[in-house]
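First up is the structure itself, then whatever we jot down about it.
The values are calculated or read from the model by the stated rules, or taken from the named source; none is laboratory data. Bear in mind the structure is a predicted one, so any value in this text is a computation, not a measurement. Note: ideal-geometry Cβ built from the backbone for every residue, glycine included; neighbour counts use all protein chains shown. Areas reflect the complete protein model, heavy atoms only, side chains present, ligands, DNA and RNA absent. Shrake-Rupley method; radii C 1.70, N 1.55, O 1.52, S 1.80 Å.
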Amino acid sequence: MSKSIHEFIEKRFKNATGQAVNPGNMKDAKKFAQELGSFLAALHKLDTTDAPLPNVDNGFIGSDLLLFEAEFDDLLLKNDKLVPAEFLHEKFDKAAKKPWTADKVWVHGSFLPKNILVTTDGKLANIVSSDKAVIADPAWDLAVAWLIFDEKARKIFFSAADADEASIDRARLLALRNGLNLYHSDDIDELIQSRDSLTEILEDYHYIGGVDGYDVGGISEQEFI
């Protein structure tokens, strides 16, 4: 982990402890979305001098979407009874054509609910496990939104994080990747979050087809709008 990231997080949170965030323990989702988004906005503005780029040690987290196309297609194929694979591949193609072209920013590298801690009264307590932090596409940090927030809270989160529409589009596909990877998790919180995120993502895309994150029986019909 970069010294600048370590110091930034330590100064902000004083090594506080807490519980991994989930929709039930953040109390006020809108306030938490504002708080978490503001944290990312500050993180993404840190000085990037001599900062590391995505690499093999961090699993190339932060790289352009296209690098993960084969993995993404494999996930869709393995879950083709759960999600509309062809439809989502088209969304992937569209998002990948609008990569991050501005200066790279610091991204946490593993910005998942298990690494976002909350206090007993539902406020942001700490951010942990930032050893994979690199400078890259901010969409990787934004992807957590579909795992913990509903549509209204997501909008607040994106606004507080100064996220642009193209980055949100890429983040949605990264969130789908996270959701499918966590779909069979043994951790009950991860399982629920992943399945809820799939439902939220398909609703974002205005997909009509009888699919939700718990409908393991598959798609009842194929309609897209």
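The set of residues from segment 32-58 being farther than 20 Å from A161 by Cα and either under 16 Å from the mean Cα position of the chain (by Cα) or in a helix (DSSP H, G or I) (or both) comprises V56, D57, N58.
Residue count for segment 21-31, restricted to those that are within 15 Å of the chain's Cα centre (by Cα) and crowded, with 18+ Cβ neighbours inside 10 Å: 2. Listed by position, the helices (runs of 4 or more DSSP H) inside segment 62-153 whose residues that are under 14 Å from the mean Cα position of the chain (by Cα) number at least 1 are 139-142, 145-148. At pLDDT below 95 and within 24 Å of L191 (Cβ to Cβ), is that true of G18? No; evaluated as a whole, the condition is false for this residue.
Entry remark, segment 63-121: residues being of a type in the set (S, T, N, Q) and in contact with a helix residue (DSSP H, G or I) (Cβ under 7 Å, 6 or more places away or on another chain) number 1 in total. Could you go through segment 38-54 and let me know if any residue there is over 28 Å from I156 (Cβ atoms), in contact (Cβ under 8 Å) with a residue 40 or more places away in the chain and open to solvent by 80 Å² or more (accessible area, probe 1.4 Å). Looking through segment 38-54, at least one residue is over 28 Å from I156 (Cβ atoms), in contact (Cβ under 8 Å) with a residue 40 or more places away in the chain and open to solvent by 80 Å² or more (accessible area, probe 1.4 Å).
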